[in-house]
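The structure appears below as C-alpha cells.
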Amino acid sequence: MPERRTVALVTLGCARNEVDSEELAGRLEADGWQLVEDAEEADVAVVNTCGFVEAAKKDSVDALLEANDLKGHGRTQAVVAVGCMAERYGKELAEALPEADGVLGFDDYANISDRLQTILNGGIHASHTPRDRRKLLPISPAQRQESATEVALPGHAPADLPEGLAPASGPRAPLRRRLDGSPVASVKLASGCDRRCTFCAIPSFRGSFISRRPSDVLNETRWLADQGVKEVMLVSENNTSYGKDLGDIRLLESLLPELAEVDGIERVRVSYLQPAEMRPGLIDVLTSTPKVAPYFDLSFQHSAPGVLRAMRRFGDTDRFLELLDTIRSKAPQAGVRSNFIVGFPGESEADLAELERFLNGARLDAIGVFGYSDEEGTEAAGYDNKLAEDVVAERLARVSRLAEELVSQRAEERVGETVHVLVESVDDEDGVYGRAAHQAPETDGQVLLTSGAGLGVGRMVEAKVVGTEGVDLVAEPLPGSFASPSSSEEAGR
C-alpha cells in the first residue's frame with residue numbers, strides 16, 4: 001500500500017481564495033492525499049495566502065510562520081505558500097521567508113500533488129519569477145476563451161469530470177472538495193479584472209478578466225446542492241463584466257434564474273458589483289427573481305468626483321444616490337454594502353465631506369473603511385500629493401466612527417421587517433444564528449433567532465425583526481415558518 005500522505009489547507013483572504021483552496025483540495029484528494037483540518041496533523045501545511053494590502057500580507061506571513069513552528073513538534077514536515085502573495089512575489093517571498101519550504105504560483109496548481117511530494121521528499125521546487133499575468137491572454141476579451149486552456153486559472157477547472165477523477169465523483173462532479181460543512185459555498189463566476197484602478201495591484205497577478213462558461217457554473221452549483229449547500233455566492237473580481245468575453249454582457253441576467261431553479265438551492269447571492277457597470281436589466285433580475293437575494297455589493301470606494309477620477313473610477317455622490325434610489329424603488333428591503341478608501345493622495349477636506357454626505361444619504365447595511373497606503377506596482381504609489389500618515393489615520397478613525405453609527409441606524413430601520421434567515425449555527429449556549437438576504441457571509445452581520453426549537457443548520461426560517469445589536473439583528477421566527485425543511489427566499493420582494 002502507498003504511504004499515507006496528509007495535507008492541511010490554511011486559507012486567508014477572500015471568498016475567491018476559498019474556492020481556490022477547495023480546488024487544490026480536490027486535486028490532492030484525487031491523487032491520494034488525505035486532507036486533515038489541523039496543520040499539526042498534516043505532513044504538509046499549505047497556506048493559501050492573500051497579497052492584496054499590507055495587513056493581509058502580514059497575516060499571510062504570520063500564518064506561514066505559525067505553521068513553520070509546528071515542524072519538529074508533531075507530524076508537520078513542510079510548509080508551502082500558495083495563493084496571491086506567493087504568485088505576486090515568488091522568488092522574492094522565498095528569499096525573504098526561508099521558513100517556507102516552497103513558494104508555488106498559479107502555474108503549479110495543476111501539478112500540486114507532484115510539487116508537494118517533491119518538497120516532502122526533501123527536494124526543492126524553484127519558486128517562480130513573477131510576471132504580469134494580464135499579458136498571458138489577448139487584449140480583446142472576445143479572443144480570450146480560445147487561449148484560456150493554455151493559462152492557469154485557479155477555480156476554473158471543468159465542472160463535469162469523468163467518474164473517479166474527482167471527490168464524490170459522478171455526474172457533475174467538479175474538481176473540488178469541500179473543506180467545511182457550511183450550508184453556504186462560493187462559486188467562481190470569473191477571474192481577473194480589466195479595470196485599471198490606480199490603487200489596485202490585483203489585475204497584475206490575477207490577470208485579465210475571463211468568464212467561466214455558464215454550464216460549468218450551473219454544474220458546480222448542482223454538485224454543491226448535492227453536498228447539502230443551500231446558498232451559493234457568486235464571486236469574481238468584477239461580476240458585472242461576466243459574459244463580455246463570451247459574447248453576451250447580459251449573460252448574468254439569464255444565468256441567475258437558472259441557478260435559482262437548481263434543486264436544493266434556497267438562495268443565490270451575487271458579490272463584487274461595479275456601480276459604473278450596473279444595468280437596468282441586471283437590477284431588475286436581482287430585485288425580482290425568486291431565490292435571488294436582492295443584495296448589492298457595490299464597489300463605490302469614494303464619492304468625491306476628483307478622488308474617483310484620480311482612482312480612475314467613475315461616478316459621484318448624486319449619481320450613486322440615484323442608483324440606490326432605483327434599487328430600493330424595486331426592492332425596498334434590498335441590502336447594500338460597500339468599501340471606501342480615505343486619505344487617497346490629493347483628498348481634500350471638501351472631498352472627505354462629500355464622502356460623508358454620501359454615507360449619510362446612502363443607508364448602507366455594511367460599510368468597510370480603509371486608510372490609503374501605497375501598493376507597489378500601482379500608479380497611485382507614484383503620485384506626489386500624498387497625505388501624511390497621521391492625517392490618513394485621523395480620517396480613517398473619523399469615517400469609521402460615522403460608518404459604525406450609520407450601519408447601526410440602518411439595522412434599526414429593519415425592526416418590524418420580515419426576513420428569511422438561513423440558519424448557520426445552532427448552539428445550546430450561544431443560541432441559533434443565521435443570515436438574512438441582506439447579509440453576506442463573514443462581512444455583513446447576522447441574525448440571532450429568539451427561538452431555535454427544532455431548527456438545524458441549513459434551514460430557511462421566516463422571522464420578524466424585533467431588535468438589534470449593532471449591525472446584527474434579533475428576530476422572532478413566525479408561527480409555522482419552519483414546518484417544512486425550507487422556504488423560498490423572497491425577502492424584500
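The values are calculated or read from the model by the stated rules, or taken from the named source; none is laboratory data. Computed from a predicted structure; not experimentally measured. Heads up, the Cβs are rebuilt from the backbone with ideal geometry, glycines too, and the neighbour counts pull from every protein chain shown. Only protein heavy atoms, including side chains, enter the accessible area calculation; ligands, DNA and RNA are left aside. Shrake-Rupley method; radii C 1.70, N 1.55, O 1.52, S 1.80 Å.
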Note to self: Going through A437, A381 one at a time, which residue ends up being open to solvent by less than 30 Å² (accessible area, probe 1.4 Å), in contact with an Asp or Glu (Cβ under 7 Å, 6 or more places away or on another chain) and of a type in the set (A, V, I, L, M)?
What the structure shows: A437
Item checked: Among the candidates A397, A411, A403, residue that is over 30 Å from G346 (Cβ atoms) and of a type in the set (A, V, I, L, M, F, W, C) -> A411
Item checked: S271 vs. criteria surrounded by fewer than 19 Cβ atoms within 10 Å (Cβ to Cβ) and hydroxyl-bearing (S, T, Y) -> no
Next item on the list: Scan the stretch 76-97 residue by residue and report those that are touching a Leu at 6+ places or on another chain (Cβ under 7 Å) and surrounded by fewer than 24 Cβ atoms within 10 Å (Cβ to Cβ).
Entry: T76, Q77, A78, L97
Next item on the list: State all residues of the stretch 49-76 that are touching a strand residue (DSSP E or B) at 6+ places or on another chain (Cβ under 8 Å), more than 19 Å from S21 (Cα to Cα) and part of a helix (DSSP H, G or I); if no residue qualifies, say none.
Entry: N68
Notebook entry, point to check: Within the stretch 351-374, how many residues are part of a helix (DSSP H, G or I), among the aliphatic types (A, V, I, L, M) and touching a residue at least 12 places away in the same chain (Cβ under 8 Å)?
Noted result: 4
Notebook entry, point to check: For the stretch 270-350, which helices (runs of 4 or more DSSP H) that fit wholly inside it have 2 or more residues that are within 23 Å of the chain's Cα centre (by Cα)?
Noted result: 280-288, 317-330
Next item on the list: Take V44 and decide whether it is modelled with pLDDT of 90 or more, surrounded by 22 or more Cβ atoms within 10 Å (Cβ to Cβ) and either more than 30 Å from C200 (Cα to Cα) or out of contact with any Asp or Glu (no Cβ under 9 Å at 6 or more places or on another chain) (or both).
Entry: yes
Check: Can you name the number of the only condition in (1) in contact (Cβ under 8 Å) with a residue 12 or more places away in the chain; (2) open to solvent by 10 Å² or more (accessible area, probe 1.4 Å); (3) hydrophobic (A, V, I, L, M, F, W, C) that L28 fails?
Finding: (2)
Check: Which ones in the stretch 234-254 are part of a loop (DSSP other than H, G, I, E, B) and not hydrophobic (A, V, I, L, M, F, W, C)?
Finding: S236, E237, N238, Y242, G243, K244, D245, G247, D248, R250
Next item on the list: Sort through V7, V61, V36, V19 and tell me the only one that's within 12 Å of V80 (Cα to Cα) and at pLDDT 90 or above.
Entry: V7
Check: Looking only at residues in the stretch 472-489 that are under 27 Å from the mean Cα position of the chain (by Cα) and of a type in the set (S, T, N, Q), which one is modelled with the highest pLDDT?
Finding: S486
Notebook entry, point to check: Restricting the search to the stretch 334-368, which residues are of a type outside the set (A, V, I, L, M) and under 19 Å from E322 (Cβ atoms)?
Noted result: G335, R337, S338, F340, E354, E356, R357, F358, N360, G361, R363, D365
Check: So how many residues does the stretch 224-233 have that are open to solvent by 10 Å² or more (accessible area, probe 1.4 Å) and either in a helix (DSSP H, G or I) or basic (K, R) (or both)?
Finding: 3
Check: Can V292 be described as crowded, with 20+ Cβ neighbours inside 10 Å and more than 17 Å from V336 (Cβ to Cβ)?
Finding: no
Notebook entry, point to check: S113: in a helix (DSSP H, G or I), small (G, A, S) and modelled with pLDDT under 85, yes or no?
Noted result: no
Item checked: Subset of the stretch 398-422 (residues that are free of Cβ contacts under 8 Å to residues at least 60 places away in the same chain and either part of a strand (DSSP E or B) or among the hydroxyl-bearing types (S, T, Y) (or both)) -> S400, V421
Notebook entry, point to check: Within the bounds of the stretch 330-347, is there any residue that is in contact (Cβ under 8 Å) with a residue 60 or more places away in the chain and open to solvent by 30 Å² or more (accessible area, probe 1.4 Å)?
Noted result: yes
Check: Just one of the numbered conditions (1) out of contact with any strand residue (DSSP E or B) (no Cβ under 7 Å at 6 or more places or on another chain); (2) more than 18 Å from L153 (Cβ to Cβ) is not true of G26; which one?
Finding: (2)
